[in-house]
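Structure first, commentary second.
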Amino acid sequence: MSIYGERPVFTTDSGARSVRFQTNTSECPLGPGGALTAPPSKERDRRVRKTRRTLHEALITLILERGWDAVSVRDVCEKADVGRSTFYVHFADKENLLLSGFDELHHAMEQVRTSAHVPFGFLGPLAAHAADNARLMQALLGRQSGQRVQWRFRDVLASLVEAELELLKVPKARRSMKTHFIAGGAAELLMSWLDHPQGVDAERLATELRHLATAVVKATL
């Protein structure tokens, strides 16, 4: 469940490839005296990461070329040269594939947050990242993007904000409400800025966001 309340639960149906072949029982590793040797887990993990990364990169390329609504799972598979059955082993649909990319964003911003020397220091690099990838970020987070994508972005921000409030010694009883307020406001301002920058650069946006977040914390401590 998201911290923003209950939302529809989306499940993933994992498919499995089936291969039919003849077996030489005298040499079969499952036969008498045989032993099943599975590929090393590290090798399997490496292949999984490579497949998921290839699919994600193909999706991003197609979004930039055509826009979110014009991209299908078939398009992604053709671009990535990956079979559709393999796609559905890893992801339920193109939204599920896109949402997986926010895990990397969360990890990167968490590293920034823990090394920052000012409260809410991750907001600057986040705004800079949005500016450097404006076309892509607008496609993902702008008003025309999917609701699930926007919710996932809010969840990432909420996790970062909550950790920052804990570091700032905000009482636990008050932390949840402040997390909702700061994260929700920051996400709304950032998405609005992506659609209508109105001459405001990323540095100024980040400064305003930090000031607003800090003001909320000071007003209620």
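Using θ = phi - 60° in the Karplus curve 6.51 cos²θ - 1.76 cosθ + 1.60, the 3J(HN,Hα) couplings for segment 171-183 round to x, 4, 5, 9, 5, 4, 5, 5, 4, 4, 5, 5, 5 Hz; x is entered for Gly and Pro.
For segment 42-90, the Kirkwood hydrodynamic radius comes to 11.0 Å, computed from all pairs of different C-alpha atoms. Overall form of segment 78-142: prolate. Here a/c, set by the Cα gyration tensor axes a ≥ b ≥ c, is 1.5 or more, and a/b is the larger of a/b and b/c. In vacuo Debye scattering of segment 95-220, one point per C-alpha: log10 I(q)/I(0) at q = 0.09, 0.21, 0.23 Å⁻¹? Relative scattering, expressed as log10 I(q)/I(0), comes to -0.23, -1.30, -1.52.
Setting aside same-chain residues fewer than 8 positions from Lys79, which aspartates and glutamates have a Cα under 13 Å from its Cα? Cross-link targets: Glu57, Glu65.
Coordinate-derived values only; no laboratory data. Remember, it's a predicted structure, so these values are computed and weren't measured experimentally.
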